[in-house]
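Beneath this line is the structure, given in structure tokens, with notes to follow.
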Amino acid sequence: MAYIEYMQNVTLAKVSSYERAFEIEYTHHSTAIEGNTLPLMETKYVYQFPLGGDGGSEKINSHRHRNFYSLFTTNRQQRQEKFLPLLLH
């Protein structure tokens with residue numbers, strides 16, 4: 001019963017906050033696997049502010065990952081509609 005009550009009180013702002021936190025942590029860990037040494041807070045900074053001046057290769061990699069993730073999630077519904085019939089055959 002507590003889960004149902006919780007879900008009824010979830011706001012769009014809260015869901016957006018969780019999605020943003022996931023996106024930042026996903027980028028941080030994905031680029032860390034590739035050798036990026038940016039701390040989580042700097043990855044968060046790259047997400048919040050556009051790159052200016054000398055971003056450094058690690059910040060540029062995080063920025064590129066952010067752009068890709070954004071593009072990927074934005075077009076997810078379109079891809080599902082396009083490829084789902086192919087997967088069902």
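Taking 0.36 nm per residue of separation and subtracting the current Cα-Cα distance, fully stretching the chain between residue 9 and residue 64 would add 16.3 nm. Taking 10 °C and 1.306 mPa s as conditions, the stretch 1-52 diffuses translationally at an estimated 124 µm²/s according to Stokes-Einstein applied to its Kirkwood radius (Cα pairs).
Taken together, the values in this text are just the output of simple stated rules run on the coordinates, not laboratory data. Please read these numbers as outputs of a predicted model, since none were measured by experiment.
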